[in-house]
1. Using the structure shown, decide if LEU95 is modelled with pLDDT of 90 or more and either out of contact with any helix residue (DSSP H, G or I) (no Cβ under 9 Å at 6 or more places or on another chain) or closer than 27 Å to ILE187 by Cβ (or both).
2. List the pairs whose first member sits in the stretch 118-136 and is more than 17 Å from SER162 (Cα to Cα), whose second member is acidic (Asp, Glu) and surrounded by fewer than 15 Cβ atoms within 10 Å (Cβ to Cβ), and whose Cβ atoms are under 7 Å apart, counting only residues at least 6 apart or on separate chains?
3. Give ALA42, ALA28, ALA82, ALA52 a once-over and let me know the one that is under 29 Å from GLU118 (Cβ atoms) and either modelled with pLDDT of 70 or more or assigned to a helix (DSSP H, G or I) (or both).
4. For the stretch 163-186, how many residues meet the condition of being within 12 Å of ILE67 (Cα to Cα) and free of Cβ contacts under 8 Å to residues at least 24 places away in the same chain?
5. I'd like to verify a number: residues in the stretch 98-132 that are small (Gly, Ala, Ser) and in contact with a helix residue (DSSP H, G or I) (Cβ under 7 Å, 6 or more places away or on another chain), how many?
6. Which residue is surrounded by the fewest Cβ atoms within 10 Å (Cβ to Cβ), if the candidates are limited to the stretch 82-125 and must be of a type in the set (Phe, Trp, Tyr) and farther than 27 Å from THR32 by Cβ?
Amino acid sequence: MKGKQRLVWVTLSIWIAIAGMVSAGDEADPTTTVKSLLEAVAELAKGEAAGAEMAGRITATLDLVMICETCLRETWKTITPAERERFVSLFREVLEKVAYPKSADFFKETSIEIEDVETEGERAEVLTVLEHPEEGMIEVGYCLRLAGDRWLIDDILLDGISLVRDLRSQMQKIIKEKSYDELKRRIREKLDE
């Protein structure tokens, strides 16, 4: 289980580091979005971007509501709109306090190249290759959707493995074996580590 958890956190770190640094003017197409993100990752790794500003920029590019709805599945339909907001807020908090700082450490000595871009209507995937000194070569695909005039990242594929699907599987297991309240307790526990 430790290996799988590490994979999830590495994947989440990659997603956040790359998905987080888009300025409003850089969202005209998926390639521009990812190129802007890659430049920002370099700044983040050098310690030039951090804190509340970084967290806000990251959060603004992720479709957290969609991610939470996908991960909670049937539970999402049964909870109140106020409880949905609380869960999204809790999820955002664990990203900002746990995953964002880890992403900076992971990217200190990496290089990333854009390999290909596939666009079909309001969906796109930007395929990249990341070279990490310890992890080696990793293929990373960024799944984007057009929301108005913005491209939002709604999933990431790490060597073909969907982060959202993996998160959903873990959350569903906890909900099924324990409860939704236990899932929230475990997320809060991550904040206290």
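1. Working: modelled with pLDDT of 90 or more: no; either out of contact with any helix residue (DSSP H, G or I) (no Cβ under 9 Å at 6 or more places or on another chain) or closer than 27 Å to ILE187 by Cβ (or both): yes.
No; evaluated as a whole, the condition is false for this residue.
2. Final answer for the pair search is PRO133/GLU109.
3. Details: ALA28 fails: either modelled with pLDDT of 70 or more or assigned to a helix (DSSP H, G or I) (or both); ALA82 fails: under 29 Å from GLU118 (Cβ atoms); ALA52 fails: under 29 Å from GLU118 (Cβ atoms).
Only one candidate qualifies: ALA42.
4. In the first step, residues of the stretch 163-186 are kept if they are within 12 Å of ILE67 (Cα to Cα); the result is 163-168, 171.
Among the residues that remain, those that are also free of Cβ contacts under 8 Å to residues at least 24 places away in the same chain are: 165.
Final tally of qualifying residues: 1.
5. As a first pass, look at the stretch 98-132 and keep what is small (Gly, Ala, Ser): 99, 103-104, 111, 121, 124.
Keeping just the survivors that are in contact with a helix residue (DSSP H, G or I) (Cβ under 7 Å, 6 or more places away or on another chain) gives 99, 103-104, 124.
Summing the residues that are small (Gly, Ala, Ser) and in contact with a helix residue (DSSP H, G or I) (Cβ under 7 Å, 6 or more places away or on another chain) in the stretch 98-132 gives 4.
6. Filtering the stretch 82-125 for residues of a type in the set (Phe, Trp, Tyr) gives 87, 91, 100, 106-107.
Filter once more, keeping what is farther than 27 Å from THR32 by Cβ: 87, 91.
Numbers: PHE87: 23, PHE91: 21.
Filtering first and then ranking leaves PHE91.
The values are calculated or read from the model by the stated rules, or taken from the named source; none is laboratory data. Values in this document were obtained by computation on a predicted structure and should not be read as measured data. Heads up, the Cβs are rebuilt from the backbone with ideal geometry, glycines too, and the neighbour counts pull from every protein chain shown.
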